[in-house]
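Student: After the structure tokens below, expect a handful of questions from me.
The values are calculated or read from the model by the stated rules, or taken from the named source; none is laboratory data. Nothing here was measured: the structure is a model prediction, and the numbers come from that model. Please note: Cβ atoms are built from the backbone with ideal geometry, for glycine as well, and neighbour counts cover all protein chains shown.
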Amino acid sequence: MTGREEQALWQEAVQKARSLDAALQAEDAPAAARLARSFSAWLAGQTALPRLAGLARLVTPGMTRRQLWCVLVPIERRIAKLKVTDVEILEGDAERVGESPPPMALTVVLDSLRSAFNVGGIFRTAECFGAGKIILCGYTATPEDPRVARAALGTERRVPWEYTEDIREAVSTLQTAGTPCVALETVPDAPSPDGFDWPFPCALLLGNERFGLPADVVSRCAGVVRIPLAGVKNSLNVGSAFAIAANAIRRCWERR
């Protein structure tokens with residue numbers, strides 16, 4: 001039995017328990033007795049899950065709500081421990097939607113991100129918004145790092161990526177190919193991602209969590225955007241900042 005199948009049975013159990021609880025709360029004795037017998041028989045039949053089947057002896061006609069809660073609580077606790085993982089959700093979504101729509105003409109360039117988990121999160125966000133490609137530069141971890149793969153949840157296999165040691169080389173290659181680069185930085189007076197007229201194709205550059213992008217790289221970009229903030233810190237996690245920018249870019253892409 002797969003984890004998802006087991007979770008489905010425990011979820012069915014909680015639904016049956018809640019139906020019985022509703023009948024008891026309404027003081028509908030005939031309905032409660034009928035539901036109790038049915039629920040007890042169903043529980044007893046779950047021989048593949050002895051912990052679930054063992055609850056059958058606690059469900060009897062004429063039971064009180066308090067007695068039923070003694071059954072409901074362990075069921076809900078078990079469900080909490082068997083939450084479907086993000087990997088299963090991602091795989092289930094892929095099964096339902098089939099092929100993804102064509103990607104945006106957007107390349108995401110990451111320069112010397114120190115957190116592998118941030119890199120994995122950016123892969124996941126890039127896949128969600130339909131980015132076409134990711135270029136990893138400097139000491140940014142690649143998907144061969146298990147920490148990246150763990151955070152990316154399989155999206156590193158769905159978003160094409162490549163590694164270039166020096167971001168300047170990556171920028172030169174993009175510009176030579178006719179792809180303008182836009183830096184996401186805390187530059188005063190820069191427009192917000194929503195207020196920027198995104199060209200397509202384009203590349204979005206994100207830098208190190210602490211130091212950002214090198215000044216000479218920013219100066220070579222066709223544009224700079226910043227996320228307006230109202231807090232004292234005036235700084236976002238790079239993965240969160242990318243999600244905000246990617247959302248704005250996606251809306252611009254869809255308005256074309």
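Let's see how each residue does on (1) among the small types (Gly, Ala, Ser); (2) over 18 Å from residue 114 (Cα atoms):
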| site | (1), (2) |
| --- | --- |
| 170 | yes, yes |
| 178 | yes, yes |
| 181 | no, yes |
| 187 | no, yes |
| 195 | yes, yes |
| 206 | no, no |
| 219 | yes, yes |
| 224 | no, yes |
| 252 | no, yes |
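Student: Considering every residue within segment 175-186, establish whether at least one is at pLDDT 95 or above and in contact with a Ser or Thr (Cβ under 6 Å, 6 or more places away or on another chain).
Tutor: no
Student: Could you figure out which of (1) free of Cβ contacts under 8 Å to residues at least 60 places away in the same chain; (2) touching a strand residue (DSSP E or B) at 6+ places or on another chain (Cβ under 8 Å); (3) crowded, with 20+ Cβ neighbours inside 10 Å isn't true of residue 171?
Tutor: Tallying (1) free of Cβ contacts under 8 Å to residues at least 60 places away in the same chain; (2) touching a strand residue (DSSP E or B) at 6+ places or on another chain (Cβ under 8 Å); (3) crowded, with 20+ Cβ neighbours inside 10 Å, residue 171 fails exactly one: (1).
Student: Now, a different point. Looking at segment 41-56, which of its residues are surrounded by 11 or more Cβ atoms within 10 Å (Cβ to Cβ) and either touching a Pro at 6+ places or on another chain (Cβ under 6 Å) or assigned to a helix (DSSP H, G or I) (or both)?
Tutor: 41, 42, 43, 44, 51, 52, 53, 54, 55, 56
Student: A follow-up question, please. For segment 141-168, which residues satisfy the criterion of being within 20 Å of residue 224 (Cβ to Cβ) and buried (at least 20 other Cβ atoms within 10 Å of the Cβ)?
Tutor: 167
Student: Of everything in segment 226-247, what is in a helix (DSSP H, G or I) and farther than 19 Å from residue 113 by Cβ? Give them in sequence order.
Tutor: 247
Student: I've got another one for you. Can you confirm whether residue 179 is under 25 Å from residue 252 (Cβ atoms) and of a type in the set (S, T, N, Q)?
Tutor: yes
Student: Within segment 147-164, can you find the residues that are farther than 11 Å from residue 135 by Cβ and among the charged types (D, E, K, R)?
Tutor: Answer for segment 147-164, where residues must be farther than 11 Å from residue 135 by Cβ and among the charged types (D, E, K, R): 147, 150, 156, 157, 158.
Student: Going through 98, 3, 92, 62 one at a time, which residue ends up being on the phi > 0 side of the Ramachandran plot and at pLDDT below 90?
Tutor: After ruling out the rest, the residue left standing is 98.
Student: Would you mind stating whether residue 190 is out of contact with any helix residue (DSSP H, G or I) (no Cβ under 7 Å at 6 or more places or on another chain) and either in a strand (DSSP E or B) or surrounded by 13 or more Cβ atoms within 10 Å (Cβ to Cβ) (or both)?
Tutor: It is true that residue 190 is out of contact with any helix residue (DSSP H, G or I) (no Cβ under 7 Å at 6 or more places or on another chain) and either in a strand (DSSP E or B) or surrounded by 13 or more Cβ atoms within 10 Å (Cβ to Cβ) (or both).
Student: Something else now. Just need a number here: residues in segment 100-132 that are more than 15 Å from the chain's Cα centre (by Cα) and surrounded by fewer than 20 Cβ atoms within 10 Å (Cβ to Cβ).
Tutor: Counting residues in segment 100-132 that are more than 15 Å from the chain's Cα centre (by Cα) and surrounded by fewer than 20 Cβ atoms within 10 Å (Cβ to Cβ) gives 9.
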